[in-house]
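Here is the structure we will look at.
The values are calculated or read from the model by the stated rules, or taken from the named source; none is laboratory data. Fair warning: this is a prediction, and the values are worked out from it, not measured in the lab. For neighbour counting, all protein chains shown are included, and Cβ atoms are generated from backbone atoms with ideal geometry for every residue, glycine included. Heads up: the accessible areas ignore ligands, DNA and RNA and are worked out on the full protein's heavy atoms, side chains in. Shrake-Rupley method; radii C 1.70, N 1.55, O 1.52, S 1.80 Å.
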Amino acid sequence: MSAQEQILTHARLVLDDEVIDGTLVIRGGRIAAIDHGASQAAGAIDCEGDTLLPGLVELHTDNMEKYFQPRPKVEWPGRQAALAHDAQMAASGITTVFDAVSIGDVDEQSMRHRALDEMCQALSQIVHDGLARVDHRLHLRCEVSHPNTLARFNELSSSPLLGLVSLMDHAPGQRQFASLEAYRVYYQGKYQLDDAAMNAFMATQIDNSQRFSAEHRRAIAASCRERGLAIASHDDATVEHVAESHEYGTRVAEFPTTREAAEASHRAGMGVMMGAPNVVRGGSHSGNIAAADLVELGVLDILSSDYYPAALLDAVFRVAAMENGYALPRAVATATRIPAKSGRTRRSWTPGAGAARRSIAGAVDRRSSGGAESLVCG
């Protein structure tokens, strides 16, 4: 075995449509062979039955924001924040991540407004300098009800890292917050508003949605189609929402809130995404459809860690362990092959310096207590 070759043997290999006990050969940082049975080659690494998965692909996580503002009123230097986020992605078995940054926010004082440019620049810099452990692309979350969203999208849409654009509207009375009372409870508690201030806040959000959402949604979707950028919907709740998303050329249906919307999105050929925390916690924190219900219906296509990176790997194995869950190869595909295909664009993209070294996410030892005891990133 040469210095450029690595052999992992006696491993449980999860392939596209089967799981085999076999051997994986890596040469020059890429998979060269997958063989049944054990290898007797000198220097082969005995995995002792551990499970080998492809690298996880994350399409939607706002985890990076936490490092740029670890506490209220505490803003962290951009380079260090981006590197810390990158390290957590690698530790979670994620080898490609579409980092979600938000254009527009209901809170005009939010760090999402202040740090947007810095987050994009810091991420681009660590990729350019070859410091990133994983492959990063940008995911622009466009709050279409915000007055400045279209202008800011146009400013950022030329980034060579941009790979996914999602269109969302968090105004009260529809989609994620069809219940006005649920909206009131969530935001009044979050921002500590009295009743009068909350009423004014809600009125502003509804007015902005009526004035800007339709126009911004159409314009951004048209720009994405012209540029070959993948489009994602967000929080679709009705069949009408899904029809509109499909008309815009949407590839990914992020977090549909109802069974009807999820089934319609799946039928339309969109990849239905649900949050891995929804799987781990056993339901939606917003009271919407549970991911487990969509697994049982066979319409959950993509898992996303959303706000908790470590949930992604955990959720994959939970989906495979459900009574009416997916076989392991299909469960693994929800965090590997399907999101990779859904986030692919026509735009050329040059991976970071470390990309060629990462052919496999890691070896997962599941021999005790049914959990992931160790994760060794390749």
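All conditions but one from (1) in a loop (DSSP other than H, G, I, E, B); (2) in contact with a strand residue (DSSP E or B) (Cβ under 6 Å, 6 or more places away or on another chain) apply to HIS170; the one that does not is (2).
Would you mind finding the one in ASP301, ASP235 that is crowded, with 22+ Cβ neighbours inside 10 Å, over 30 Å from GLU18 (Cβ atoms) and among the charged types (D, E, K, R)? Within the list ASP301, ASP235, the selection yields ASP235.
Of the residues GLN80, GLN69, the single one that is in contact (Cβ under 8 Å) with a residue 40 or more places away in the chain and open to solvent by 20 Å² or more (accessible area, probe 1.4 Å) is GLN69. Looking only at the range 62-80, decide whether some residue is among the basic types (Lys, Arg) and at pLDDT 95 or above. Checked against the condition, which is being among the basic types (Lys, Arg) and at pLDDT 95 or above, the range 62-80 yields at least one hit.
Confirm whether VAL319 is hydrophobic (A, V, I, L, M, F, W, C), closer than 23 Å to ASP62 by Cβ and either assigned to a loop (DSSP other than H, G, I, E, B) or touching a residue at least 40 places away in the same chain (Cβ under 8 Å) (or both). Spelling it out, VAL319 is indeed hydrophobic (A, V, I, L, M, F, W, C), closer than 23 Å to ASP62 by Cβ and either assigned to a loop (DSSP other than H, G, I, E, B) or touching a residue at least 40 places away in the same chain (Cβ under 8 Å) (or both).
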